[in-house]
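Here is the structure we will look at.
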Amino acid sequence: QVQLVESGGGLVQPGGSLRLSCAASGISFSIYDMGWYRQAPGKQRELVARKTSAGGTSYADSVKGRFTISRDNANNMVYLQMSNLKPEDTAVYYCNLARRAIGVDYWGQGTQVTVSS
């Protein structure tokens, strides 16, 4: 019943930009923390950016100053604006909704981002 659908991934040259979108349905969106994770081949999934239900934000050190997470509660959307992309940003990116107090966690299907010339 709960669905998260990512979009916006693709192939981009180093130094370029992409915006990822995540549309949520079947959920009381505003009470959840929102996050973006990524997983590259042969590596563990890692947290990229997070925005809490209260509006606080945090970023992985590797993307600070380059990526921006935002949410639109009225439209059940979360975004990840990515700038100055590097080859090491290549990964499958996943949207996540979490409510840690009750141990609830939801994931999207992922969208591929490839940074290459």
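The values are calculated or read from the model by the stated rules, or taken from the named source; none is laboratory data. Quantities reported herein were computed from a predicted structural model and do not represent experimental measurements. As a convention, Cβ positions derive from the backbone with ideal geometry for all residues, glycine included, and neighbour counts pool all protein chains shown. These area figures cover heavy atoms from the full protein model, side chains too; ligands, DNA and RNA do not enter into them. Shrake-Rupley method; radii C 1.70, N 1.55, O 1.52, S 1.80 Å.
Accessible surface for residue 45 stands near 100 Å², nearest 10, in the context of the full protein assembly shown (1.4 Å probe). Just to confirm a number: summing +1 for Lys and Arg and -1 for Asp and Glu over residues other than residue 96 whose beta-carbon lies under 9 angstrom from that of residue 96, what do you get? So the surrounding residues net to -1. Taken about its Cα centre, the chain carries a charge dipole of about 140 debye when Lys and Arg each add +1 at the Cβ and Asp and Glu each add -1 at the Cβ. Remark: relative contact order (segment 17-117) = 30 percent; criterion is Cα-Cα distance under 8 angstrom and separation of 6 or more residues. Among beta bridges identified by DSSP and lying wholly in the chain, the antiparallel ones come to about 95 percent. The modelled label-to-label distance for the pair residue 13/residue 1, using points 7 Å beyond Cα in the direction of Cβ, is 4.9 nm. Of the accessible area of the chain, computed with a 1.4 Å probe over protein heavy atoms only, carbon and sulfur atoms account for 45 percent.
What is segment 1-75 by shape, rounded, prolate or oblate, if you read a ≥ b ≥ c off the alpha carbon gyration tensor as root eigenvalues and call it rounded for a/c under 1.5, prolate for a/b larger than b/c, and oblate otherwise? Taking the square roots of the gyration eigenvalues as a ≥ b ≥ c, segment 1-75 is prolate. Count Lys and Arg as plus one, Asp and Glu as minus one, and take only other residues whose Cβ is under 10 Å from that of residue 81; the net charge is then +2.
Solvent-accessible surface of the chain, taken per residue with a 1.4 Å probe and all protein chains present: 52 Å².
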